[in-house]
Amino acid sequence: MQRERQLFGADGWVAVERHGFVAELVMDRPKAMNAVSTAMADSLAQACAELAGDRSVRAVVLSSTHERAFCVGADLKERNSFTDADLMRQRPHTRAAYTGVLELPVPTIAAVHGFALGGGFELALACDLIVADGTAVVGLPEVSVGVIPGGGGTQLLPRRVGAARAAELVFTARRVPAPEAVELGLVDQLAADGQDRAEALELAARIARNSPVGLRAAKRAMRLGHGLDLRAGLDLEDGAWRSVAFSGDRAEGVAAFNEKRDPEWPGE
């Protein structure tokens, strides 16, 4: 059975493949190990905008077709030719790509193998969960080339592993192999070599069996509530609860439970 595949951008470096209620966001720029050029960033942003508006999508997996890399970060060959003005003009394009992944309204899972460095690791950090295989090497080495993580790394990494651990990783610019990455909480699940995509898709399929209304509201509450004091967080959660409590999904979920059958979510 041929998978539905939609290409984004003139070069077709980003594609979306559908697996039922799961959308796979595929990075496919093999000659550059998925380095994020201006065109690549635009393609990612465009694909994310379309996925964000698709109410039939319940979970997204971010993956790579390259055998040895998830994404190596910014396209430094392109940037080597930039003037300062060029770099400033590019900035909104790259921010839109990283923000596009971060603000997807459904649960997101990064399937990581090989190199996930700099902006590549930041794309993974923008996802809710990270599944990596034993070949994965992750890190934020930006200070070693005179910049800082600019795709969300200075904000997302401390939220994942704590301020001190994030400081050590950013300041040393070191690369972390998969076994240590799991121990440090940089990734969430370690797959057998070559199985990161399969395990991420399987996890996404389990997630997608649940209420689409509930999934979006739960993600919104967790994302927006992070960093709030407890009372403000609980108020935020209450608002999210109210947004689903009288939904068709809630009615169907209760009915299916009592009738001992699988729910058929209306998604509203």
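Going by the structure shown, is D188 open to solvent by 30 Å² or more (accessible area, probe 1.4 Å), among the charged types (D, E, K, R) and in contact with a strand residue (DSSP E or B) (Cβ under 8 Å, 6 or more places away or on another chain)? Can you show your working first?
Values: open to solvent by 30 Å² or more (accessible area, probe 1.4 Å): yes; among the charged types (D, E, K, R): yes; in contact with a strand residue (DSSP E or B) (Cβ under 8 Å, 6 or more places away or on another chain): yes.
Against the criterion (open to solvent by 30 Å² or more (accessible area, probe 1.4 Å), among the charged types (D, E, K, R) and in contact with a strand residue (DSSP E or B) (Cβ under 8 Å, 6 or more places away or on another chain)), D188 qualifies.
Going by what's in this entry, would F82 be described as surrounded by fewer than 23 Cβ atoms within 10 Å (Cβ to Cβ) and among the aromatic types (F, W, Y)? Please lay out each step first, then the result.
Numbers: surrounded by fewer than 23 Cβ atoms within 10 Å (Cβ to Cβ): yes; among the aromatic types (F, W, Y): yes.
Yes.
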Query - First in segment 128-143 and in a loop (DSSP other than H, G, I, E, B), second anywhere and surrounded by 19 or more Cβ atoms within 10 Å (Cβ to Cβ) and of a type in the set (S, T, N, Q), Cβ under 6 Å, 6 or more apart - result: D128/T108
Report summary line: Per the list (1) assigned by the TED database to the domain that holds A23; (2) touching a residue at least 60 places away in the same chain (Cβ under 8 Å); (3) loosely packed, with under 12 Cβ neighbours inside 10 Å, residue check on H226 breaks on (1)
Requested in this report: Would you check if there is a residue in segment 164-175 being open to solvent by less than 60 Å² (accessible area, probe 1.4 Å), under 26 Å from V61 (Cβ atoms) and out of contact with any Leu (no Cβ under 9 Å at 6 or more places or on another chain)?
Outcome: no
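Can you go through A126, A39, A74 and tell me which one is under 16 Å from the mean Cα position of the chain (by Cα) and either open to solvent by less than 60 Å² (accessible area, probe 1.4 Å) or within 15 Å of V187 (Cα to Cα) (or both)?
A126
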**Report entry** Residues (open to solvent by 60 Å² or more (accessible area, probe 1.4 Å), aliphatic (A, V, I, L, M) and not in a loop (DSSP other than H, G, I, E, B)) located in segment 144-157
**Finding:** V145
Query raised in the report: Quick one: is P212 touching a residue at least 40 places away in the same chain (Cβ under 8 Å) and farther than 19 Å from P107 by Cα?
Result: no
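Name every residue in segment 236-255 that is of a type in the set (D, E, K, R), out of contact with any Gly (no Cβ under 7 Å at 6 or more places or on another chain) and surrounded by 13 or more Cβ atoms within 10 Å (Cβ to Cβ), in order of residue number.
Filtering segment 236-255 down to residues of a type in the set (D, E, K, R) leaves 237-238, 242, 249-250, 252.
Checking the rest, the ones that are also out of contact with any Gly (no Cβ under 7 Å at 6 or more places or on another chain) come to 238, 242, 250, 252.
Selection gives R250, E252.
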Report task. Please determine, by comparing only the residues of segment 191-209 that are open to solvent by 30 Å² or more (accessible area, probe 1.4 Å) and of a type in the set (D, E, K, R), which one is farthest from A110 (Cα to Cα). Result -> R209
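The values are calculated or read from the model by the stated rules, or taken from the named source; none is laboratory data. Because the structure is predicted, anything quoted here is derived from the model rather than measured. All Cβ positions, even for glycine, are placed from backbone atoms using ideal geometry, and neighbour counts span all protein chains on display. Accessible surface areas use protein heavy atoms only, side chains included; no ligands, DNA or RNA. Shrake-Rupley method; radii C 1.70, N 1.55, O 1.52, S 1.80 Å.
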